[in-house]
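Reading through the structure tokens given below for one structure.
The values are calculated or read from the model by the stated rules, or taken from the named source; none is laboratory data. Fair warning: this is a prediction, and the values are worked out from it, not measured in the lab. All Cβ positions, glycine included, derive from the backbone under ideal geometry; neighbour counts span all protein chains shown. Heavy atoms of the whole protein, side chains included, go into the accessibility calculation; ligands, DNA and RNA do not. Shrake-Rupley method; radii C 1.70, N 1.55, O 1.52, S 1.80 Å.
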Amino acid sequence: MADNDSGAKNPATQVVTGGRRKEWTGSVVNPPVWRGSTHLYENVAHLRDGVKSNADGRFFYGRRGSPTQWSLAEALTEMEPGAAGTMLYPSGVAAISCALLAVLNPGDEILLADSSYDPSRSFADAFLKRMGISARYYDPTMGADIAELFAPNTKAILMESPGSLTFEVQDIPAICRVARDAGIVTLLDNTWATSRFFPALEHGVDIAITAATKYIVGHSDVMMGAVTTHSKYWTSLRRTAQQLGQVVSPDDAYLAARGLRTLDVRLRQHEASALKIAHWLKDRPEVGLVLHPALPDCPGHAIWKRDFKGSSGLFSFELADGDDQSRAAFIDALTLFGIGYSWGGFESLALPVDPEKHRSATKWTGKGPLVRLNIGLEDPDDLIADLAKGFEHYHSARS
Ligand SMILES: *Cc1c(COP(=O)(O)O)cnc(C)c1O
């Protein structure tokens with residue numbers, strides 16, 4: 001497959017038109033849900049031809065998908081200029097694990113950002129270790145200096161920018177430049193920005209990973225992961241996914257594609273509402289740092305400004321002088337914010353996060369406990385009123 005050149009269309013148009021090939025949609029707007037394990041062939045010659053061509057975009061067997069999944073994958077590929085294709089996985093974690101297994105071999109070493117999503121850390125520390133692959137962690141703010149950590153067996157770098165608890169923005173282009181010079185493959189967990197706000201391959205990343213569960217799906221009703229890469233790693237990514245039996249259901253692919261069509265407008269609203277609330281929080285006496293990449297206080301803010309086309313709806317803030325109990329009182333008092341994992345949906349969420357528990361190369365020394373907010377699509381003024389009520393309960397819990 002040739003690397004695409006989809007830069008010509010603007011992103012809002014891309015998410016609307018992507019993957020809607022006439023042969024997949026027929027005479028309706030959305031590619032229908034093709035449920036099926038067996039695909040029936042016309043005759044033996046047709047069956048043999050199916051094995052031979054063996055490419056996505058052709059019926060073969062249910063595990064290779066149907067137009068419902070191909071259409072979604074193609075739309076995601078179009079959002080990454082330079083990409084050869086996208087594989088879909090039943091969760092974001094499956095996408096991360098399978099992408100790493102596609103490029104690592106026993107004896108290799110992987111470097112991971114110390115701000116990495118915790119399940120990425122446990123996959124490296126437990127599963128990869130069992131396979132004879134070692135893991136080391138780096139300071140997410142170190143940029144090109146990461147080259148000083150390279151060992152002869154360093155094979156891959158797993159980046160995540162910004163980190164999803166503490167929001168450090170990494171110098172992805174600088175890291176990718178030194179990695180490429182050293183023959184090291186770069187992978188990025190791009191869930192926060194998506195290709196809409198950070199086309200990863202254009203910034204030098206080899207393999208872009210998204211937990212589609214979050215913004216692509218956007219409605220908190222489907223788990224899914226996606227990995228997009230250029231032609232150098234495409235064959236190995238695809239083969240590994242197939243060998244590991246990765247497939248997403250057509251019903252889930254349908255819902256994810258439906259979510260994708262509104263990604264542009266949703267992200268822009270998440271961005272505007274989150275910024276309004278982040279600025280409001282910044283002026284509150286109870287709040288220490290607001291860790292939002294678009295705010296100057298956030299580590300790596302200048303890099304965010306240079307590289308990203310926008311910011312999404314997830315950020316954290318410090319309850320200066322708070323403790324675990326007063327933080328719980330704050331969160332419990334909120335009525336518009338649900339308490340739960342995941343993010344990227346239309347509903348707002350609040351979560352206590354404790355980054356110091358998930359670090360080894362750096363120390364997290366905040367001015368009080370952190371609260372992470374997923375800003376949904378409610379009216380931001382209602383969310384602000386809810387947070388103000390939370391602060392009243394916070395004060396009662398402290399006195
Ligand atoms: C949620 C998340 C994932 C994993 O996605 P799942 O679909 O929940 O498995 C990966 N990376 C980040 C940054 C996430 O927030």
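Need at least 1 residues that are out of contact with any Phe, Trp or Tyr (no Cβ under 7 Å at 6 or more places or on another chain) and of a type in the set (Phe, Trp, Tyr) per element, so show me which strands (runs of 3 or more DSSP E) inside segment 149-213 make the cut, counting only ones lying wholly within it.
Details: elements: 154-160, 185-189, 207-211.
Qualifying strands (runs of 3 or more DSSP E): none found.
From the list Ile216, Ile209, which residue is under 23 Å from Val265 (Cβ atoms), of a type in the set (A, V, I, L, M, F, W, C), within 15 Å of the ligand (Cβ to nearest atom) and buried (at least 21 other Cβ atoms within 10 Å of the Cβ)?
Checking each option against the conditions leaves just Ile216.
Just give me the residues in segment 87-109 being within 16 Å of the ligand (Cβ to nearest atom) and either open to solvent by less than 10 Å² (accessible area, probe 1.4 Å) or part of a helix (DSSP H, G or I) (or both), in sequence order. It would help to see each step written out before you state the result.
At the first step, the residues of segment 87-109 found to be within 16 Å of the ligand (Cβ to nearest atom) are 87-101.
The answer is Tyr89, Gly92, Val93, Ala94, Ala95, Ile96, Ser97, Cys98, Ala99, Leu100, Leu101.
Of all residues in segment 110-137, count the ones that are open to solvent by 20 Å² or more (accessible area, probe 1.4 Å), within 13 Å of the ligand (Cβ to nearest atom) and of a type in the set (Ser, Thr, Tyr). Working first, answer last.
Step one: filter segment 110-137 for residues open to solvent by 20 Å² or more (accessible area, probe 1.4 Å), giving 117-119, 122-123, 125-127, 129-132, 134-137.
In the following step, the residues that additionally are within 13 Å of the ligand (Cβ to nearest atom) were identified as 117-119, 122-123.
Now restrict to residues that are of a type in the set (Ser, Thr, Tyr): 117, 122.
So the answer is 2.
Taking interchain pairs and intrachain pairs at least six residues apart, which have beta carbon atoms under 7 angstrom, with the first residue in segment 222-236 and within 16 Å of the ligand (Cβ to nearest atom) and the second among the charged types (D, E, K, R) and not in a loop (DSSP other than H, G, I, E, B)?
Val222/Asp252; Met224/Asp252
Can you give me the ranges of the helices (runs of 4 or more DSSP H) entirely in segment 283-399 with at least 2 residues that are without any contact (Cβ under 8 Å) to a residue 12 or more places away in the chain? I'd like the intermediate steps shown before the answer.
Working: elements: 301-307, 324-333, 380-398.
Once the helices (runs of 4 or more DSSP H) in segment 283-399 are filtered for at least 2 residues that are without any contact (Cβ under 8 Å) to a residue 12 or more places away in the chain, what remains is 301-307, 380-398.
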